[in-house]
Amino acid sequence: MTLSPFQSAVARCARIRRGAYDRTISDALEQGLAGPSLRLTDIDAETLLAWKRTWRGTRAPGAGGWDWETLWKRFRRRPTALQLAIWDGDELCGLALGRVSRRRALGVRHTVSVHYMEASPEPEHPLAGLIAALVIAAAERYGEALGASRLRLMDPLPGLMGYYRKLGFTIALLPGRRVYFEKRIPQ
C-alpha cells in the first residue's frame, strides 16, 4: 500500500517528534527533573479521553481551560504540528499544541510556536511546576530536528512573563499588538 504525500509527511513528522520527545525524557531523567514514569506522546484518542475524564470544565478559558479536542482537530491538519501530551505513568499532567513555520525557499523552517500549553488542574499532580519546562524542552528538540532557529511562546499569561525571561526568552509584539516570547534554539 502506497502512502499519499500527506500520509508520508504525517508519518515522517511523527517519527521526528518521537525522537524529540525521547531526547527530552532522557534529558529530564539525567537532570533529575522527573522519574522513569515520565512519558511524552503525541495527543491521540487516549489523551483526549483522559482529558475529558479528569480536566474538562475545571477552568475557565484564558487561563487554560481550553477545549483540547477542538484545538487538536484544528492543529493536526498540519503534519508538522507540535502536539504534546505529558504523562506520569497513566496520569495526564500537561498538554501543548503548536505550529512550525512553513518551509522557506532554502527548505528551512525557522520557527516553532507554542500556541497552547496547560498543566493538569490537579495542583498535586506528579509533574507540578515542570510542565512549561518540559514543553519548552520538547519544542526546542523538535525545532532542532527540523532545523528551526527560533522558539516562540504565543500569548503568554502575564503572571509567567518573569519565568519565561529567566528561561532566556525575550518579549516581542506581532502586528496587531499580539504578544509573544521568543528565544534562539541552540543548534
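Each reported figure results from applying straightforward, stated rules to the coordinates on display, with no laboratory input. Here the structure is a predicted model, which means the values were calculated and not measured. Neighbour counts are summed over all protein chains in view; Cβ atoms, including those assigned to glycine, are modelled from backbone coordinates with ideal geometry.
Structure values in brief
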| quantity | calculated |
| --- | --- |
| Percent RCO, i.e. relative contact order, over the chain, from Cα pairs under 8 Å lying at least 6 residues apart | 18 |
| Fewest-first ranking of Arg18, Arg177, Arg53, using other Cβ atoms within 10 Å as the exposure measure | Arg177, Arg53, Arg18 |
| Förster radius 30 Å - calculated FRET efficiency between Leu174 and Arg53, Cβ distance, rounded to 0.05 | 0.25 |
| Amide H within-cut-off set for Leu82, under 5 Å, with H built and near neighbours excluded | Gly98, Arg99, Val100 |
| Protection proxy ranking of 152-159, 141-148, 85-92 - average other beta-carbon atoms within 10 Å, highest first | 141-148, 85-92, 152-159 |
| Mean ellipticity per residue at 222 nm, deg cm²/dmol - from DSSP H runs of n ≥ 4 across the chain, formula -39500 (n - 2.57) | -11000 deg cm²/dmol |
| Net dipole in debye of the chain [+1 Lys, Arg Cβ; -1 Asp, Glu Cβ; about Cα centre; nearest 20] | 1180 |
| Order of Val114, Val100 under a 10 Å beta carbon neighbour criterion, fewest first | Val100, Val114 |
| Distance (nanometres) between label positions extended 7 Å along Cα→Cβ at Glu122 and Ser26 | 3.0 |
| Region 112-187 - percent relative contact order, Cα under 8 Å, separation 6 or more | 34 |
| Shape category assigned to the chain from the gyration tensor of Cα positions, a/c cut at 1.5 | rounded |
| At R0 = 35 Å, FRET efficiency that the Cβ-Cβ distance of Arg78 and Leu33 yields, to 0.05 | 0.75 |
| Neighbour-count order for Trp51, Trp68, fewest beta carbons within 10 angstrom listed first | Trp51, Trp68 |
